[in-house]
Amino acid sequence: MAIIQWFPGHMAKAMRQVKENLKLVDIVLELVDARLPESSRNPQLAELLKDKPSIVVLTKKDLADPKQTQKWIEYYEKMGQPAVAINSVQGSLKVIDTKIKNVLAEKLANKKARGIRSQRIKVMCIGIPNVGKSTLLNHLVKKNVAQVGNRPGVTKAQQWLKAGKDLQLLDTPGILWPKFEDPLVGKKLALTGAIKDTLYAKDDVALYEIEEFIETAPQQLCERYKLAPEVLELPTVDVLLEITKKLGFKDDYERASERLIFDCRKGKLGRYTLDRVPQEVK
Ligand SMILES: Nc1nc2c(ncn2[C@@H]2O[C@H](COP(=O)(O)OP(=O)(O)O)[C@@H](O)[C@H]2O)c(=O)[nH]1
Ligand SMILES: [Mg+2]
């Protein structure tokens, strides 16, 4: 994947493109990473989507903590935002088809009542780089990249892909930028691989990873790197140095940091979710 550098001009252009394409579709799938449902959401998208039916799709659910994923779905649904979790690499995506029809049920019924011939529902995927847009698209169209046809009246011809019996997808998903302002968000994005050329030093990301796992899954850290549980009581930097030794990297903690990040991305430390559901707002 090409590395995307987001400059203000690029952001404005991306937003403009999304705005244009929004006019063409009935519903938007907003893809977020199930491991970071909040941090992988684009900050400006909500405003743009306020008048358009949308579904938050938590991708890569196979890598996230299932309990947390369930909590996130309940949280979104409670806020009136439909949400589903998927694994686009394996498993059925019928859940998406069902959810779309569910969200649009009233509109579809109205059309039917007015005798409007049912057309395929027009769908667009949106999300930050690496969230799984292409994978989902391919899965939904089952590699059948047959185009439905160009829409007349659109200056730049849009291609539509048939998906199942009732859906058609815009072939170019909307790519948006992640949040960069908050360094913690940056480390989370780097750790999960959303930012390939990390904006943060590898050891910073690894130190964050160690802190996170000490808090949420200490046994996974101990097992993977053969650490005695007491080691986790040490300052985080010393834990990193201990892991470096255990890996046989002597004092090359940068190499160990790289390994730690790689293991985490690949799920070698088990399933995890880095964003917590916000506390109940009454
Ligand atoms: N484990 C897992 N990996 C996924 C899933 N969806 C996408 N990926 C992987 O995430 C990476 C980025 O996916 P891609 O579709 O290219 O993201 P895009 O940049 O949004 O189009 C690829 O390595 C995919 O194989 C999923 O549901 N589970
Ligand atoms: Mg892609």
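Which log10 I(q)/I(0) values, to two decimals, does region 25-155 give at q = 0.11, 0.21, 0.22 Å⁻¹ under the Debye formula with one point per Cα? Once normalised to I(0) and log-transformed, intensities are -0.42, -1.38, -1.47. Counting only protein heavy atoms and using a 1.4 Å probe, the accessible area of Y200 comes to about 50 Å². Taking every DSSP helix (H) stretch of at least 4 residues in the chain, weighting each as -39,500 (n - 2.57) and dividing the sum by the residue count yields a mean residue ellipticity at 222 nm of -12500 deg cm²/dmol.
Give me the one-decimal Kirkwood hydrodynamic radius in Å for the chain, with the sum taken over alpha-carbon pairs. Walk me through the numbers on the way to the answer.
Numbers: mean 1/r = 0.0487 Å⁻¹.
That comes to 20.5 Å for the chain.
Tell me whether region 201-265 comes out rounded, prolate or oblate; compute the Cα gyration tensor, take square roots of the eigenvalues as a ≥ b ≥ c, and use a/c under 1.5 as the rounded threshold. Numbers along the way, then the final one.
Values: a/c = 1.43, a/b = 1.19, b/c = 1.21.
Judged from the Cα gyration tensor, region 201-265 comes out rounded (a/c under 1.5).
In plain terms, the chain from N102 to Q5 could stretch by 31.2 nm, reckoned as 0.36 nm per residue minus the Cα-Cα distance.
Expressed as a rounded percentage, what relative contact order does the chain have, with Cα pairs under 8 Å and six or more residues apart?
That works out to 20 percent.
For the listed peptides 111-118, 58-65, a ranking on the average number of other beta carbons within 10 Å per residue, highest first, reads 58-65, 111-118.
Sketch the reach of a paramagnetic label on S118 as a point 7 Å from Cα along Cα-to-Cβ, and name the residues of region 92-106 whose backbone nitrogen lies under 20 Å away. Within reach of a label on S118, which here means backbone N under 20 Å from a point 7 Å along Cα→Cβ, region 92-106 contributes 93-106.
Which semi-axis lengths, in whole Å and largest first, follow from the square roots of five times the eigenvalues of the Cα gyration tensor of region 156-282?
36, 17, 15
Under a point-charge model restricted to the Cβ atoms of Lys and Arg (+1) and Asp and Glu (-1), what is the dipole moment magnitude of the chain relative to its Cα centre, in debye to the nearest 20?
Working: 48 positive and 36 negative charges, 446 e Å.
The dipole magnitude comes to about 2140 debye.
Sorted largest first by accessible area at a 1.4 angstrom probe radius, with every protein chain in place, the residues Y75, Y225 fall in the order Y75, Y225. Note on exposure: K202, K52 ranked by accessible area (1.4 Å probe, complete protein assembly) read K202, K52, with the most exposed listed first. Here the relative contact order of region 183-282, from alpha carbon pairs under 8 Å that lie six or more residues apart, stands at 28 percent. Pairs from the table (K133/K179; K52/K111; K13/K133; K13/K162; K50/K99; K13/K202) lying more than 22 angstrom apart at Cα are K13/K162; K13/K202. Which of rounded, prolate, oblate describes region 1-54, given a ≥ b ≥ c as roots of the alpha-carbon gyration tensor eigenvalues and a/c under 1.5 marking rounded, otherwise prolate only if a/b is larger than b/c? Taking the square roots of the gyration eigenvalues as a ≥ b ≥ c, region 1-54 is oblate.
Rank-order 91-104, 255-268 by packing density, defined as the average count of other C-beta atoms within 10 Å over each peptide's residues, highest first.
Values: 91-104: 15.2, 255-268: 17.7.
Top to bottom by mean Cβ count within 10 Å: 255-268, 91-104.
Taking a straight line from the alpha carbon of K78, these aspartates and glutamates sit under 16 Å away, with near neighbours fewer than eight places off in the same chain left out: E38, E280.
Over region 59-127, what is the relative contact order in percent, taking alpha-carbon pairs closer than 8 angstrom and at least six residues apart? Write down the numbers at each step before the final one.
Numbers: 31 pairs, mean separation 16.8, N = 69.
Computed over region 59-127, the figure is 24 percent.
The values are calculated or read from the model by the stated rules, or taken from the named source; none is laboratory data. Small disclaimer: the values here were computed from a predicted structure and weren't measured. In this analysis, Cβ positions are derived from the backbone assuming ideal geometry, glycine residues included, and neighbour counts consider all displayed protein chains. Heads up: the accessible areas ignore ligands, DNA and RNA and are worked out on the full protein's heavy atoms, side chains in. Shrake-Rupley method; radii C 1.70, N 1.55, O 1.52, S 1.80 Å.
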